[in-house]
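Report on the following structure.
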Amino acid sequence: MDKISSIGVLTSGGDAPGMNAAIRAVVRTAIFYGLKPIGIRKGYAGLIHGDVFEFKARDVSDIMQRGGTVLQTARCMEFKTKPGLEKAIDSAKYFGVDGLVVIGGDGSFRGARDLSSLGLPTIGIPGTIDNDIPYTEYTIGFDTAINTAKDAIDKIRDTATSHERCNIIEVMGHHSGQIAINVAIATGAEACFVPERPMPEMPSIIDAILEGKKRNKKHFIIVLAEGVGGAAEMAAHIEQTTGMETKVNTLGYMQRGGSPTVRDRCMASEMGAKAVELLKDGIGNRLVGIKDDRVYDIDIFEALEIQQQVRDDLIDLAIMLSI
Ligand code: ADP
(Lines give C-alpha, C1' and ligand atoms only; values in the text may rest on other atoms or scores of the structure.)
Protein backbone atom coordinates (compact mmCIF):
# COMPACT_ATOMS: atom_id res chain seq x y z
CA MET A 1 0.00 0.00 0.00
CA ASP A 2 1.25 3.53 -0.83
CA LYS A 3 2.15 5.79 2.04
CA ILE A 4 -0.85 7.66 3.39
CA SER A 5 -0.67 11.42 3.92
CA SER A 6 -4.34 12.27 4.38
CA ILE A 7 -7.32 10.60 6.03
CA GLY A 8 -10.96 11.25 5.23
CA VAL A 9 -13.69 10.70 7.81
CA LEU A 10 -17.44 10.39 7.33
CA THR A 11 -20.49 9.28 9.31
CA SER A 12 -23.07 7.15 7.54
CA GLY A 13 -26.45 5.49 8.18
CA GLY A 14 -28.30 6.14 11.44
CA ASP A 15 -26.70 8.70 13.74
CA ALA A 16 -25.64 7.81 17.28
CA PRO A 17 -24.48 9.81 20.30
CA GLY A 18 -20.71 9.56 20.54
CA MET A 19 -20.05 9.85 16.82
CA ASN A 20 -18.65 13.34 17.48
CA ALA A 21 -16.14 11.94 19.95
CA ALA A 22 -15.03 9.48 17.26
CA ILE A 23 -14.68 12.27 14.67
CA ARG A 24 -12.66 14.33 17.16
CA ALA A 25 -10.37 11.38 17.88
CA VAL A 26 -9.81 10.70 14.17
CA VAL A 27 -9.00 14.36 13.45
CA ARG A 28 -6.70 14.88 16.41
CA THR A 29 -4.90 11.53 16.04
CA ALA A 30 -4.30 12.25 12.37
CA ILE A 31 -2.85 15.66 13.20
CA PHE A 32 -0.74 14.09 15.97
CA TYR A 33 0.86 11.77 13.38
CA GLY A 34 1.34 14.54 10.82
CA LEU A 35 -1.49 13.43 8.54
CA LYS A 36 -4.07 15.74 6.98
CA PRO A 37 -7.63 15.04 8.20
CA ILE A 38 -10.39 15.63 5.66
CA GLY A 39 -14.03 15.91 6.71
CA ILE A 40 -16.69 14.49 4.40
CA ARG A 41 -20.28 15.65 5.06
CA LYS A 42 -23.41 13.52 4.72
CA GLY A 43 -21.84 10.11 4.38
CA TYR A 44 -21.21 8.47 1.02
CA ALA A 45 -23.37 11.12 -0.71
CA GLY A 46 -20.87 13.76 0.38
CA LEU A 47 -17.98 11.66 -0.88
CA ILE A 48 -19.61 11.23 -4.30
CA HIS A 49 -20.55 14.89 -4.62
CA GLY A 50 -17.35 16.36 -3.19
CA ASP A 51 -18.78 17.83 0.02
CA VAL A 52 -15.34 17.76 1.64
CA PHE A 53 -13.12 20.15 3.62
CA GLU A 54 -9.85 20.09 5.51
CA PHE A 55 -10.36 19.61 9.24
CA LYS A 56 -8.26 21.70 11.65
CA ALA A 57 -7.67 20.70 15.27
CA ARG A 58 -9.91 23.51 16.55
CA ASP A 59 -12.80 22.47 14.28
CA VAL A 60 -13.47 19.59 16.63
CA SER A 61 -13.38 21.63 19.84
CA ASP A 62 -16.61 21.54 21.87
CA ILE A 63 -18.24 18.77 19.88
CA MET A 64 -17.64 15.83 22.21
CA GLN A 65 -20.60 16.62 24.48
CA ARG A 66 -23.06 16.99 21.60
CA GLY A 67 -25.32 14.24 20.32
CA GLY A 68 -25.76 13.61 16.59
CA THR A 69 -22.87 14.08 14.19
CA VAL A 70 -21.30 17.38 13.15
CA LEU A 71 -20.53 15.78 9.78
CA GLN A 72 -24.23 14.92 9.38
CA THR A 73 -25.19 11.59 7.91
CA ALA A 74 -27.18 10.25 5.01
CA ARG A 75 -28.41 7.16 3.31
CA CYS A 76 -27.19 7.10 -0.29
CA MET A 77 -28.75 4.79 -2.88
CA GLU A 78 -26.46 6.01 -5.66
CA PHE A 79 -23.44 4.71 -3.77
CA LYS A 80 -24.82 1.17 -3.93
CA THR A 81 -24.67 1.25 -7.75
CA LYS A 82 -21.46 0.52 -9.69
CA PRO A 83 -21.27 4.02 -11.25
CA GLY A 84 -21.93 5.55 -7.81
CA LEU A 85 -19.15 3.55 -6.20
CA GLU A 86 -16.75 4.48 -9.02
CA LYS A 87 -17.66 8.15 -8.62
CA ALA A 88 -16.85 7.83 -4.91
CA ILE A 89 -13.42 6.38 -5.72
CA ASP A 90 -12.72 9.11 -8.32
CA SER A 91 -13.80 11.79 -5.88
CA ALA A 92 -11.54 10.39 -3.14
CA LYS A 93 -8.61 10.53 -5.57
CA TYR A 94 -9.52 14.05 -6.73
CA PHE A 95 -9.65 15.41 -3.16
CA GLY A 96 -6.53 13.57 -2.10
CA VAL A 97 -8.22 11.19 0.33
CA ASP A 98 -5.60 8.43 0.71
CA GLY A 99 -7.41 6.47 3.42
CA LEU A 100 -10.92 6.64 4.81
CA VAL A 101 -12.58 6.15 8.20
CA VAL A 102 -16.28 5.26 8.03
CA ILE A 103 -18.30 5.61 11.24
CA GLY A 104 -21.62 3.80 10.88
CA GLY A 105 -23.53 0.55 11.02
CA ASP A 106 -23.26 -2.70 9.10
CA GLY A 107 -24.81 -1.19 5.93
CA SER A 108 -22.08 1.45 5.93
CA PHE A 109 -19.48 -1.29 6.43
CA ARG A 110 -20.65 -3.04 3.27
CA GLY A 111 -19.88 0.23 1.52
CA ALA A 112 -16.48 0.38 3.25
CA ARG A 113 -15.78 -3.15 2.01
CA ASP A 114 -16.59 -2.11 -1.59
CA LEU A 115 -14.33 0.95 -1.38
CA SER A 116 -11.51 -1.20 0.01
CA SER A 117 -11.98 -3.70 -2.81
CA LEU A 118 -11.52 -0.88 -5.34
CA GLY A 119 -8.27 0.20 -3.70
CA LEU A 120 -9.24 2.90 -1.18
CA PRO A 121 -7.97 1.66 2.20
CA THR A 122 -10.93 2.00 4.53
CA ILE A 123 -11.42 1.37 8.24
CA GLY A 124 -14.88 1.09 9.85
CA ILE A 125 -15.84 2.21 13.36
CA PRO A 126 -19.16 0.85 14.71
CA GLY A 127 -21.59 3.67 15.39
CA THR A 128 -25.21 2.68 16.02
CA ILE A 129 -27.40 2.80 19.11
CA ASP A 130 -28.61 -0.76 18.40
CA ASN A 131 -25.40 -2.60 19.35
CA ASP A 132 -26.33 -5.13 16.69
CA ILE A 133 -23.07 -5.66 14.80
CA PRO A 134 -21.97 -9.20 15.65
CA TYR A 135 -18.17 -8.85 15.38
CA THR A 136 -18.04 -6.25 18.17
CA GLU A 137 -19.29 -6.34 21.75
CA TYR A 138 -20.01 -2.65 21.64
CA THR A 139 -21.16 0.04 19.24
CA ILE A 140 -20.93 3.78 19.83
CA GLY A 141 -24.24 5.23 21.06
CA PHE A 142 -25.60 2.13 22.78
CA ASP A 143 -24.84 3.24 26.32
CA THR A 144 -26.40 6.67 25.84
CA ALA A 145 -29.49 5.16 24.21
CA ILE A 146 -30.11 2.61 26.96
CA ASN A 147 -29.64 5.24 29.63
CA THR A 148 -32.10 7.55 27.87
CA ALA A 149 -34.63 4.72 27.62
CA LYS A 150 -34.01 3.77 31.26
CA ASP A 151 -34.72 7.34 32.41
CA ALA A 152 -37.95 7.46 30.41
CA ILE A 153 -39.14 4.08 31.70
CA ASP A 154 -38.35 5.00 35.33
CA LYS A 155 -40.65 8.00 34.93
CA ILE A 156 -43.39 5.98 33.26
CA ARG A 157 -43.16 3.40 36.04
CA ASP A 158 -43.81 6.07 38.71
CA THR A 159 -47.14 6.96 37.19
CA ALA A 160 -47.94 3.34 36.27
CA THR A 161 -47.67 2.44 39.97
CA SER A 162 -49.86 5.36 41.08
CA HIS A 163 -52.62 4.30 38.70
CA GLU A 164 -51.99 0.53 38.72
CA ARG A 165 -51.52 0.56 34.98
CA CYS A 166 -49.90 -1.69 32.44
CA ASN A 167 -47.50 0.15 30.13
CA ILE A 168 -46.15 -1.27 26.92
CA ILE A 169 -42.97 0.63 26.11
CA GLU A 170 -41.63 0.35 22.61
CA VAL A 171 -37.89 0.89 22.34
CA MET A 172 -35.71 1.00 19.21
CA GLY A 173 -34.43 -2.15 17.53
CA HIS A 174 -35.87 -3.36 14.21
CA HIS A 175 -33.91 -6.60 14.10
CA SER A 176 -32.19 -6.56 17.44
CA GLY A 177 -33.45 -6.81 21.00
CA GLN A 178 -30.22 -5.56 22.59
CA ILE A 179 -31.70 -2.26 23.75
CA ALA A 180 -34.94 -3.91 24.91
CA ILE A 181 -33.20 -6.67 26.90
CA ASN A 182 -30.77 -4.40 28.72
CA VAL A 183 -33.38 -1.79 29.48
CA ALA A 184 -35.86 -4.44 30.68
CA ILE A 185 -33.35 -5.71 33.24
CA ALA A 186 -32.33 -2.21 34.31
CA THR A 187 -35.90 -1.04 34.87
CA GLY A 188 -37.26 -4.23 36.41
CA ALA A 189 -39.74 -4.78 33.57
CA GLU A 190 -42.16 -7.69 33.94
CA ALA A 191 -41.85 -8.79 30.31
CA CYS A 192 -39.55 -8.22 27.35
CA PHE A 193 -40.25 -9.06 23.71
CA VAL A 194 -37.56 -9.05 21.05
CA PRO A 195 -37.47 -9.81 17.32
CA GLU A 196 -34.97 -12.67 17.74
CA ARG A 197 -37.28 -14.77 19.89
CA PRO A 198 -40.84 -15.94 19.02
CA MET A 199 -43.58 -14.00 20.80
CA PRO A 200 -45.10 -15.99 23.67
CA GLU A 201 -48.80 -16.81 23.32
CA MET A 202 -51.09 -14.02 24.52
CA PRO A 203 -52.73 -16.19 27.23
CA SER A 204 -49.36 -16.60 28.97
CA ILE A 205 -48.92 -12.82 29.10
CA ILE A 206 -52.45 -12.39 30.46
CA ASP A 207 -51.79 -15.10 33.08
CA ALA A 208 -48.58 -13.34 34.12
CA ILE A 209 -50.44 -10.05 34.61
CA LEU A 210 -53.25 -11.69 36.60
CA GLU A 211 -50.75 -13.62 38.72
CA GLY A 212 -48.83 -10.39 39.32
CA LYS A 213 -52.01 -8.67 40.50
CA LYS A 214 -52.61 -11.50 42.98
CA ARG A 215 -49.06 -10.98 44.30
CA ASN A 216 -49.96 -7.33 44.87
CA LYS A 217 -48.03 -5.95 41.94
CA LYS A 218 -48.96 -2.34 41.28
CA HIS A 219 -47.93 -2.13 37.65
CA PHE A 220 -46.94 -4.27 34.71
CA ILE A 221 -44.19 -2.93 32.46
CA ILE A 222 -43.66 -4.59 29.11
CA VAL A 223 -40.61 -3.59 27.07
CA LEU A 224 -41.04 -4.30 23.39
CA ALA A 225 -38.42 -3.88 20.65
CA GLU A 226 -39.98 -1.99 17.73
CA GLY A 227 -39.27 -4.84 15.30
CA VAL A 228 -41.80 -7.02 17.15
CA GLY A 229 -44.71 -4.67 16.33
CA GLY A 230 -48.35 -5.00 17.39
CA ALA A 231 -48.14 -2.85 20.54
CA ALA A 232 -51.56 -1.23 20.08
CA GLU A 233 -53.32 -4.57 19.52
CA MET A 234 -51.55 -6.07 22.50
CA ALA A 235 -52.61 -3.14 24.71
CA ALA A 236 -56.25 -3.42 23.63
CA HIS A 237 -56.25 -7.16 24.31
CA ILE A 238 -54.62 -6.82 27.75
CA GLU A 239 -57.05 -4.09 28.78
CA GLN A 240 -60.07 -6.09 27.61
CA THR A 241 -59.02 -9.35 29.24
CA THR A 242 -57.54 -8.16 32.52
CA GLY A 243 -59.42 -4.90 33.09
CA MET A 244 -56.05 -3.24 33.75
CA GLU A 245 -55.74 0.13 32.04
CA THR A 246 -53.00 -0.32 29.41
CA LYS A 247 -51.04 2.41 27.62
CA VAL A 248 -48.48 2.28 24.82
CA ASN A 249 -45.43 4.56 24.94
CA THR A 250 -43.18 4.71 21.91
CA LEU A 251 -39.86 6.22 22.94
CA GLY A 252 -38.78 6.73 19.32
CA TYR A 253 -36.06 9.11 18.21
CA MET A 254 -35.37 10.53 21.66
CA GLN A 255 -33.23 7.39 22.08
CA ARG A 256 -30.95 8.53 19.25
CA GLY A 257 -30.17 11.96 20.68
CA GLY A 258 -28.67 13.56 23.73
CA SER A 259 -25.24 14.13 25.20
CA PRO A 260 -23.18 10.91 25.04
CA THR A 261 -22.27 9.07 28.23
CA VAL A 262 -18.70 8.67 29.45
CA ARG A 263 -18.64 5.11 28.09
CA ASP A 264 -19.66 6.22 24.62
CA ARG A 265 -17.15 9.08 24.58
CA CYS A 266 -14.30 6.86 25.77
CA MET A 267 -15.09 3.97 23.42
CA ALA A 268 -15.42 6.39 20.50
CA SER A 269 -12.13 8.09 21.36
CA GLU A 270 -10.25 4.79 21.58
CA MET A 271 -11.72 3.40 18.39
CA GLY A 272 -11.19 6.66 16.49
CA ALA A 273 -7.51 6.72 17.43
CA LYS A 274 -7.09 3.04 16.55
CA ALA A 275 -8.60 3.55 13.08
CA VAL A 276 -6.07 6.27 12.27
CA GLU A 277 -3.16 4.25 13.66
CA LEU A 278 -4.07 1.35 11.38
CA LEU A 279 -4.19 3.57 8.29
CA LYS A 280 -0.97 5.33 9.30
CA ASP A 281 0.74 1.92 9.45
CA GLY A 282 -0.48 1.13 5.97
CA ILE A 283 -3.26 -1.20 7.11
CA GLY A 284 -6.69 -0.85 5.49
CA ASN A 285 -9.79 -2.99 4.93
CA ARG A 286 -10.43 -3.58 8.64
CA LEU A 287 -13.14 -2.87 11.16
CA VAL A 288 -12.33 -1.64 14.63
CA GLY A 289 -14.40 -3.07 17.47
CA ILE A 290 -14.43 -4.25 21.06
CA LYS A 291 -13.60 -7.80 22.11
CA ASP A 292 -13.14 -8.87 25.73
CA ASP A 293 -13.53 -5.20 26.62
CA ARG A 294 -10.50 -4.16 24.55
CA VAL A 295 -10.22 -2.40 21.21
CA TYR A 296 -9.28 -4.77 18.40
CA ASP A 297 -9.47 -4.88 14.60
CA ILE A 298 -10.66 -7.51 12.20
CA ASP A 299 -10.78 -8.03 8.43
CA ILE A 300 -13.96 -6.46 6.98
CA PHE A 301 -14.96 -9.55 4.96
CA GLU A 302 -14.49 -11.86 7.91
CA ALA A 303 -16.34 -9.52 10.30
CA LEU A 304 -19.39 -9.23 8.06
CA GLU A 305 -19.80 -13.03 8.05
CA ILE A 306 -20.14 -13.31 11.84
CA GLN A 307 -23.67 -14.09 13.07
CA GLN A 308 -25.33 -12.44 16.05
CA GLN A 309 -25.71 -14.47 19.25
CA VAL A 310 -28.96 -13.70 21.05
CA ARG A 311 -28.70 -13.28 24.82
CA ASP A 312 -31.69 -15.49 25.68
CA ASP A 313 -30.27 -15.83 29.17
CA LEU A 314 -30.71 -12.10 29.77
CA ILE A 315 -34.38 -12.18 28.73
CA ASP A 316 -34.92 -15.06 31.14
CA LEU A 317 -33.10 -13.10 33.84
CA ALA A 318 -35.39 -10.07 33.35
CA ILE A 319 -38.45 -12.28 33.78
CA MET A 320 -37.03 -14.23 36.74
CA LEU A 321 -36.22 -11.04 38.64
CA SER A 322 -39.61 -9.42 38.07
CA ILE A 323 -41.69 -11.73 40.32
P1 ADP B 1 -26.19 1.64 8.76
O2 ADP B 1 -24.79 1.91 8.35
O3 ADP B 1 -26.59 2.41 9.99
O4 ADP B 1 -26.50 0.15 8.84
P5 ADP B 1 -27.61 1.78 6.20
O6 ADP B 1 -27.88 0.31 6.11
O7 ADP B 1 -28.71 2.69 5.80
O8 ADP B 1 -27.16 2.26 7.64
O9 ADP B 1 -26.34 2.08 5.26
C10 ADP B 1 -25.81 3.39 5.12
C11 ADP B 1 -25.31 3.58 3.70
O12 ADP B 1 -24.29 2.60 3.43
C13 ADP B 1 -26.36 3.35 2.62
O14 ADP B 1 -27.14 4.50 2.37
C15 ADP B 1 -25.49 2.99 1.42
O16 ADP B 1 -24.97 4.17 0.83
C17 ADP B 1 -24.36 2.19 2.07
N18 ADP B 1 -24.69 0.75 1.99
C19 ADP B 1 -25.64 0.08 2.70
N20 ADP B 1 -25.70 -1.22 2.36
C21 ADP B 1 -24.76 -1.38 1.40
C22 ADP B 1 -24.34 -2.51 0.61
N23 ADP B 1 -24.89 -3.73 0.76
N24 ADP B 1 -23.37 -2.32 -0.28
C25 ADP B 1 -22.79 -1.10 -0.44
N26 ADP B 1 -23.16 -0.01 0.25
C27 ADP B 1 -24.12 -0.13 1.16
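The values are calculated or read from the model by the stated rules, or taken from the named source; none is laboratory data. Because the structure is a prediction, the values reported are computed rather than measured. Because the Cβ atoms are built from the backbone with ideal geometry, glycine has one as well, and the counts that use them run over all protein chains shown.
Each row is one residue, and each column tells you yes or no for (1) within 19 Å of I238 (Cβ to Cβ); (2) exposed (fewer than 15 other Cβ atoms within 10 Å of the Cβ); (3) among the aliphatic types (A, V, I, L, M).
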position: A149; (1), (2), (3): no, no, yes
position: D154; (1), (2), (3): no, yes, no
position: R157; (1), (2), (3): yes, no, no
position: R165; (1), (2), (3): yes, no, no
position: A180; (1), (2), (3): yes, no, yes
position: T187; (1), (2), (3): yes, no, no
position: E190; (1), (2), (3): yes, no, no
position: E201; (1), (2), (3): yes, yes, no
* Asked: Quick one: in segment 42-71, which of the residues that are within 13 Å of the ligand (Cβ to nearest atom) and in a loop (DSSP other than H, G, I, E, B) is nearest to V27 (Cα to Cα)?
  -> T69
* Asked: What number goes with the only condition from (1) assigned to a helix (DSSP H, G or I); (2) at positive phi that G13 does not pass?
  -> (1)
* Structure fact -> If you go through S108, S116, the only one that is within 16 Å of the ligand (Cβ to nearest atom), in contact (Cβ under 8 Å) with a residue 12 or more places away in the chain and surrounded by 24 or more Cβ atoms within 10 Å (Cβ to Cβ) is S108
* To do: Filter segment 225-276 down to residues that are of a type in the set (S, T, Y) and touching a residue at least 40 places away in the same chain (Cβ under 8 Å) and give me whichever is farthest from Y296 (Cα to Cα).
  => T242
* State whether one or more residues within segment 37-50 are of a type in the set (F, W, Y), crowded, with 19+ Cβ neighbours inside 10 Å, modelled with pLDDT of 95 or more and more than 26 Å from I290 (Cα to Cα). => no
* **Inter-residue pairs, beta-carbon under 8 Å, first more than 24 Å from A180 (Cβ to Cβ) and away from the ligand (no atom under 11 Å from the Cβ) and in segment 120-133, second part of a strand (DSSP E or B) and among the charged types (D, E, K, R), 6+ apart** => I123/R286; I123/D297
* Residue list for segment 84-98, filter: within 13 Å of the ligand (Cβ to nearest atom) and exposed (fewer than 12 other Cβ atoms within 10 Å of the Cβ) -> none
* Asked: So, of the residues in segment 278-309 that are touching a Lys or Arg at 6+ places or on another chain (Cβ under 7 Å) and crowded, with 16+ Cβ neighbours inside 10 Å, which turns out to be nearest to S176 (Cα to Cα)?
  -> L304
